[in-house]
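Novice: Before anything else, here's the structure in question.
The values are calculated or read from the model by the stated rules, or taken from the named source; none is laboratory data. In this text, all values refer to a predicted model and were calculated from it rather than measured experimentally. Glycine also receives a Cβ, built like all others from the backbone with ideal geometry; neighbour counts cover every protein chain displayed.
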Amino acid sequence: MNKPRLLDLFCGAGGATKGYQRAGFYVVGVDIKPQPHYCGDEFYEADALTYPLEGFDAYHASPPCQLWSKSTKQWRKQGEIYPDYVTPIRWRFFEIHCLYVIENVVEAPLIQPMILNGGDFGINIHRPRAFETNFHVPFRLNCQLKKPLKMGRLPLNESDVIQPVGHFSGVKQVGVMMGLSGLTQAKPGLEELKL
């Protein structure tokens, strides 16, 4: 039996890819940066906004979030501008009438997004993410993180809920907690991992 084919745009090292593989997809990843440790079935170094979309059963995109990210706004240099990748990738998906998921930070302009967090999956990570789909998702997870958040230097206690931020806090521990400890990437950081 052939596996359904999924194209993972802005794939990074393959955090989302790994989940799709676990769900039974054959995953092709595309990222503008080299990803020598990409965990998917195929990888292409290319621009996600121009990569051909033909030949896939479903599509996922995790565009860079710097334009909307709270942590980026806090550290942004005066005059620094980040592009909107969400709108053009959505239009590409609209044009081919495909099944798609777009993942980003909660502040991104996604259409009727479902918000998921670590507690929804029984892990102590506060990293809410928004997911836009053009198909019905038959359930909503509502598990809440009940323990106080801990930020700062690691290591933390196993029961602490951590909040990783950008490229500098808790990246390795988050990977282990999410079952992605084998993923490494060209440049360290959660934004490249697309966890």
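Novice: Which one is nearest to Y85 (Cα to Cα), of the residues in the stretch 27-50 that are touching a Leu at 6+ places or on another chain (Cβ under 7 Å) and at pLDDT 95 or above?
Specialist: Per the criteria, the residue is A48.
Novice: State which residue is surrounded by the most Cβ atoms within 10 Å (Cβ to Cβ) when the search covers only the stretch 1-45 and only residues that are under 15 Å from Y59 (Cα atoms) and aliphatic (A, V, I, L, M).
Specialist: It comes out as V27.
Novice: Which of the residues spanning the stretch 76-125 are part of a loop (DSSP other than H, G, I, E, B) and small (G, A, S)?
Specialist: G79, A108, G122
Residue by residue, here is whether (1) among the charged types (D, E, K, R); (2) part of a loop (DSSP other than H, G, I, E, B) holds:
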residue: G12; (1), (2): no, yes
residue: K18; (1), (2): yes, no
residue: G29; (1), (2): no, no
residue: T50; (1), (2): no, yes
residue: L53; (1), (2): no, yes
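Novice: Could you list, in sequence order, the residues of the stretch 126-152 that are modelled with pLDDT under 75 and either hydrophobic (A, V, I, L, M, F, W, C) or outside any loop (DSSP other than H, G, I, E, B) (or both)?
Specialist: F139, L141, C143, L145, L149, K150, M151
Novice: In the stretch 15-34, what residues are in contact with a strand residue (DSSP E or B) (Cβ under 6 Å, 6 or more places away or on another chain) and either over 20 Å from C98 (Cα atoms) or among the β-branched types (V, I, T) (or both)?
Specialist: T17, V27, V28, V30, P34
Novice: May I pose another question? Please work out which one of (1) modelled with pLDDT of 90 or more; (2) closer than 20 Å to D31 by Cα; (3) under 18 Å from the mean Cα position of the chain (by Cα) is the condition L110 fails and give its number.
Specialist: Result: L110 passes all but (2).
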